[in-house]
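Report on one structure; see the data block that follows.
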Amino acid sequence: MTDSVDAEILEGIARLDPAPPDLDERVLFAIELDQVDAEVARLTETAYAGSGARAAERTRTITFEADSRTVMITVVERSDNLVRIDGWLAPGAALRVELRLPEPTASRTVVADPAGRFVFDEVPHGLAQLLVDGGTGTGRVVTPSLVL
Amino acid sequence: MSADVHLGALLQRARDGDRESLRELVHELNPVLWRVARGQGLSADDAADVVQTTWLELLRRIHEIRTPRAVTAWLITATRRESWHRRRRDRRDVPDSDGVLDAAVDPGPAPDQRVLTDERDRVLWRHFAKLSDRCRELLSIVAEVRRPDYGAIAAGLGMPHGSIGPTRARCLAKLRTMLLADPGWGRHD
């Protein structure tokens, strides 16, 4: 029982605040994992530092929390339009960390130091996702995709 | 085929490893989940993130879903729960300038101002914002779905099954009355 006025109102509501155009892409990238049983880490905090007037001076610190582990990364803008990711795992452990990037770019893998620090340098802007291997007694942890 | 049967079939095929069915499921249901998260008062960034997290959880639990036809309700419920947790978290974010603008608009999350170039859309938004949370949530979900599956929406929103139709009608009637009384809506220019 929807007449033309109701239909027009609903069409108008659908135009208000539509989902961002890249939402499907971000979701599809995030769930295109071979391993789906990983624990999902929630984004809990994003903080910006730097002047903001120049993008090259801005850094962004993002915290993801899973039950078994916290993953914190700082995304630093480089002068060559690439970024560096400085990361920490807590509790710290020498675990394998994978940085997934959209195809055809290959994933990168590093091993954190015993304190849980890891670095990915010369990373292109765009979508990315982190996977952290499980330590003793804990499973893998996956973050949602983030836009670098 | 009704919407729930179709989406249930997609879920079953996705569960068997069919990536294309999973992609179709995302395309079909993402707009609804976005509305659900925004309806819970999240910023655009947080809503996008919550929607992603919800899909990752679905994937993790895909073999635990007993009734594939209930996937819409499962996802709406999960999105609401994630949104609630996100809101409750102590948010110490230092907002950028866009965030400040968003926060200054009240009530409810503001749509992207760029889409409100049409005067009638602005009038609509003004009156829509006066509706109750429940009305805004329900109407924005119904508006997003071509063939609303009231059973799934009711289950996801925790409303009695039979109440969705009447609630939708009541909310729509209220909005319509406000709009028809506003000269800004009646003017076609």
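A few notes on this one:
- Residue-averaged 222 nm ellipticity for the protein assembly as shown, from DSSP H runs of 4+ at -39500 (n - 2.57), nearest 500: -14000 deg cm²/dmol
- Listed residues A:V97, A:V27, A:V123, most fluctuating in chain A (Gaussian network, C-alpha, under 10 Å): A:V27
- Separation in nanometres of the label points that stand 7 Å from Cα toward Cβ, at A:D6 and A:L82: 5.8
- Rolling a 1.4 Å probe over the protein heavy atoms gives segment A:18-146 an accessible area of 46 Å² per residue.
- 0 to 90° range, to nearest 10: angle between helix A:4-15 axis and chain A longest Cα axis: 20
- The accessible surface of the protein assembly as shown, taken with every protein chain in place and a 1.4 Å probe, is 51 percent carbon and sulfur.
- Within segment B:140-189, trypsin sites (Lys or Arg not before Pro) in DSSP loop having at most 13 other beta-carbon neighbours inside 10 Å: B:R146, B:R187
- Shown here for segment B:2-36: trypsin sites (Lys or Arg not before Pro) in loop regions (DSSP other than H, G, I, E, B) with at most 11 other Cβ atoms within 10 Å, of which there are none.
- Potential lengthening of the chain between A:T59 and A:D22 amounts to 11.0 nm, from the contour at 0.36 nm per residue minus the alpha-carbon distance.
- Sparse packing (at most 13 other Cβ atoms within 10 Å of the Cβ) combined with a DSSP loop state is found for the following trypsin sites (Lys or Arg not before Pro) in segment A:70-122: A:R78.
- Distance in nm between pseudo-label sites at A:T74 and B:A181 (7 Å out along the Cβ direction from Cα): 5.6
- The interface between chain A and chain B buries about 4300 Å² of solvent-accessible area in total (1.4 Å probe, ligands and nucleic acids excluded).
The values are calculated or read from the model by the stated rules, or taken from the named source; none is laboratory data. Since the structure is predicted, the reported quantities are computational estimates derived from the model, not experimental observations. Quick reminder, even Gly has a Cβ in these numbers, built from the backbone with ideal geometry, and neighbours come from all protein chains shown. Heads up: the accessible areas ignore ligands, DNA and RNA and are worked out on the full protein's heavy atoms, side chains in. Shrake-Rupley method; radii C 1.70, N 1.55, O 1.52, S 1.80 Å.
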